[in-house]
1. Under 5 Å between amide hydrogens, which residues at least 5 positions from residue 17 or on another chain qualify, with H placed 1.01 Å from N in the peptide plane?
2. By how many nm would the segment from residue 131 to residue 272 lengthen if fully extended, with 0.36 nm per residue of separation less the alpha-carbon distance?
3. Distance between Cα centroids, the stretch 142-180 to the stretch 264-320: provide it in whole Å.
4. Find the lysine pairs in the chain meeting two conditions, Cα atoms under 21 Å apart and a separation of 8 or more places or different chains, and report how many there are.
5. Looking at the chain as a GNM with Cα springs under 10 Å, which of 94, 260, 240 has the largest mean-square fluctuation?
6. So, with a 1.4 angstrom probe, what is the percent of accessible area on the chain that is carbon and sulfur?
7. Evaluate the relative contact order of the stretch 286-374 (contact order divided by residue number), counting alpha-carbon pairs under 8 angstrom at least 6 apart; express in whole percent.
8. Taking the structure as given and computing percent of Cα pairs over 40 Å apart, which label from (i) 28; (ii) 16; (iii) 62 fits?
Amino acid sequence: MTETAPTNPNEPSEAIAALVAQYAGPDELLEAAAQVRDAGYRDWDTHSPFPVHGMDRAMGIRPTILPWLVLGAGMTGALAAIGLQWWTNAIDFPYLISGKPLFSLPADIPVTFEVIVLFAALTTFFGSLALNRLPEFWHPTLENTRFGQMTTDGFFLSIGARDPKFDREATMRLLVEAGAVAVDVCPEPVKGRKIPRAIYWAVATFTVLALLPPLSIAWYRSGPKRSPRLHPIMDMDKQPKYKTQTTSPLFTDGRADRPPVPGTVAQGELDADTALYLGKVGQEWVSKFPTAVDTYAMQRGQERFGVYCAPCHGLAGDGNGMVAARAAQRGEANWVPPLSIEAESVRQQPIGQIFNTITNGIRTMPAYGSQIPVEDRWDIVLYVKALQRSQQTTLEDVPADMRDKLR
């Protein structure tokens, strides 16, 4: 039995927002949707407690434009990220590092990928809201008591009164002929739905509170203040101490900055062993290692050489590392090729001089004293001497008991 809203012509006409029809199940709703689609209605929708397979096709829903919007946003993000990195690194602040190119696409891919994801995700989120006309906090159909079953076991189809083809009698007849078990009229509210006064107060309170931080910052930056600035997190700048170039009543000269006591060295910073820390004794370079010479030192030197030296000098020390090769390929005008450790001028250097070169640098080679511990620097020197000897080995360097096996 079909229950419909009364349509007495003597009743005063009322503004209608929509017609809501209830159907027995998902199959009936699918069939009704196809009939409404064929009738040419546009402002209508179906409502069910769970997704109904085939509903999109029954309603004639076309593919959304959202994928194209996301594609455009991703391409925009890629261009923006690559353009920003190109401008900052190659144009606005070019900084040459070991002959590396100022603009390198592989190096810019991580940032570009993240910006693509960011732009695409934001477009997906806000595009979905805009295309679905959300958020919509209220609709006239929600006033219908029967429509509340839509979240549990009810299947409904609603047609808005704003549809160009909407006619109360004809539309209601179509819904009934499509198998509706009930059709309800959802009237337009006589008075507009007013926003509760509490919402206004909440928005006003939030706005005032949001303005307090920037106003406070602007007030503190407007000029000097007699009281210190707000400091909710007590960092080390609040500890009892004297600032630079301030006075102190503790000392007779009134200065807070105290000069170092003559003849004193901070604990643990006395480098009295010049052979170990400078590579020389007096004015002469050392020729014997001040550290242990063993297998561990050789392996450690090989490892540290591969980290700090091989990029320019190459794994064999020939001066053809990947940084040097890249600089030569690009024809960098200011690039100075690194010397081979087999060069005669390097072979003749005492080990103390090689240690000094690693520590303080030479020509365009940077100093590594602040990066490599002193023991590791001596291990690198040991490995360099081993590389040099490996290129000049003779039969006399082989132990006597093994020479006959090599002949």
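1. 186, 188
2. On the way: separation 141, 0.36 × 141 = 50.76 nm, distance 7.60 nm.
Contour length minus the Cα-Cα distance gives 43.2 nm.
3. 87
4. Summing the qualifying lysine pairs gives 5.
5. Maximum among the listed residues: 240.
6. 60
7. Numbers: 71 pairs, mean separation 19.7, N = 89.
That works out to 22 percent.
8. (iii)
The values are calculated or read from the model by the stated rules, or taken from the named source; none is laboratory data. Model, not experiment: these values are computed from the prediction. Positions of Cβ are generated from backbone atoms using ideal geometry, with glycine treated the same way; all protein chains shown enter the neighbour counts. Only protein heavy atoms, including side chains, enter the accessible area calculation; ligands, DNA and RNA are left aside. Shrake-Rupley method; radii C 1.70, N 1.55, O 1.52, S 1.80 Å.
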